[in-house]
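Where a number appears in this text, it was derived from the coordinates with a stated rule and is not lab data. Remember, predicted model here, so these are calculated numbers, not experimental data.
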Amino acid sequence: AAKQGGGSRHVLYEARMESDARDQVELQADLRSAVARGEFELHYQPKVNSQRRRIGSVEALLRWHHPTRGSIPPNVFIPMAERFGLIGAIGDWVVDEACRQIAAWADQGLRMRVAINVSPHQLRQGNLVERIEAALARHAVDPAQLMCEITESAAMEDVSETQRAFDGLARAGVFLSIDDFGTGYSSLSYLRQLPARQLKIDRSFIQDLETSGDARAVVDAVIRLSHALGLRVVAEGVETAGQSEILIDLACDELQGYFFAKPMSADALVGWARGERPRGTVDFSP
Ligand code: C2E
Ligand code: MG
Ligand code: MG
Ligand code: MG
């Protein structure tokens, strides 16, 4: 009986793999046409300046509204896009849309720096700098209003390629940020060479801040070291008042997380920046 049970489980498993595979093929085809069909949207999450307690800039986070499956998270479709060679087109859309939004907000009297996420494949494109410069020019946006976030582990994948891309972007006047710091294994001497302005401490360290002395020691050390290297520090994934207070004590420059605001539409962000904050978030008006 045990053997039979195992056998049927096996059949079930194969059936699931098959439907998963069919799913993947379908999703891949859908992803291919998603840009043209206008199914992508950028949401924006504030990075709050911990000194002035005001919104300093926002991170753009990509959303895919699938016509039948609803919203599909970037952790699912970004890796697919990378695998299927679609990240170039999607990345181009993100750059253009972020620049368009910066210009649209400026027309509404809101000057906002926007950080976009750049994937390892985009870094390897070779003409990333030219593509970004073209989008900035198309929308007449000051390069200093755009920031590129690149994860520490992506930056470590190909050191010379990263160095080249960072140098090119910095020369173009675009700000650079090292994302998810603490999850990769970068050497300090390498980080020192990159013309980054900002370092974002990974959410996993922030999560443990209130309960773990070790996490607190690591965050303290990363902030001191970053400041010594001239980098501003952002804490990502701040969810509680306690975490926020510790980070302010440790002189963290900017705080980002659900405690302040979840990622929101461009329109909602205008309201948020003007002080119409939803209940439950801290009032940061001066
Ligand atoms: P990330 O760049 O590290 O972005 C932070 C993620 O944490 C976002 O998830 C954000 O919604 C989430 N988050 C923010 N605050 C909190 C919090 O307090 N608690 C928790 N639990 N989560 C919080 P999201 O939007 O699902 O994006 C996931 C990842 O997908 C991003 O991680 C980024 O690596 C990637 N991604 C998103 N948009 C793009 C894009 O346009 N291009 C590329 N290449 N990657 C993107
Ligand atoms: Mg990011
Ligand atoms: Mg991050
Ligand atoms: Mg992350």
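Residues in segment 58-71 carry Karplus couplings, in order, of 10, 9, 8, 10, 6, 10, 10, 8, 6, x, 10, 8, x, 7 Hz; the curve used is 6.51 cos²θ - 1.76 cosθ + 1.60 with θ = phi - 60°, and Gly or Pro positions show x. Taking N as the residue count of segment 144-250, its C-alpha radius of gyration divided by 2.2 N^0.38 Å amounts to 1.08. With the contact rule set at Cα under 8 Å and sequence spacing of 6 or more, what percent relative contact order holds for the chain? With pairs under 8 Å counted, the relative contact order is 17 percent. Can you give the % of DSSP beta bridges in the chain that are antiparallel, to the nearest 5? Taking every DSSP beta bridge with both residues in the chain, the antiparallel ones total about 45 percent. Using alpha carbons only, the radius of gyration of the chain set against its Kirkwood radius gives Rg/Rh = 1.01. Within the listed set Ala154, Ala89, Ala165, the Gaussian network model of the chain (springs between alpha-carbon atoms below 10 Å) gives the highest mean-square fluctuation for Ala89. Quick one: Debye curve from the C-alpha atoms of segment 136-189, no solvent, what's log10 I(q)/I(0) at q = 0.16, 0.28 Å⁻¹? Calculated log10 I(q)/I(0) at the listed q: -0.52, -1.12.
Two tests apply to each whole DSSP H helix in the chain, Cα reach of 20 Å or more along its axis and mean Kyte-Doolittle hydropathy of at least -1.0, and the ones passing both are 2-34, 87-107, 213-228.
Comparing mean-square fluctuations of Ser177, Ser153, Ser187 from a GNM of the chain with C-alpha springs under 10 Å, the top value falls on Ser187. Beyond 26 Å, what share of the Cα-Cα pairs of segment 18-149 remains, rounded to the nearest whole percent? Roughly 27 percent, once rounded to a whole number.
Helices in the chain, meaning DSSP H runs of at least 4 residues, each add -39500 (n - 2.57). Divided by all residues, the mean residue ellipticity at 222 nm is -15500 deg cm²/dmol.
Calculated translational diffusion coefficient of segment 82-190 (25 °C, 0.890 mPa s; Stokes-Einstein with Kirkwood radius over alpha-carbon pairs) equals 171 µm²/s.
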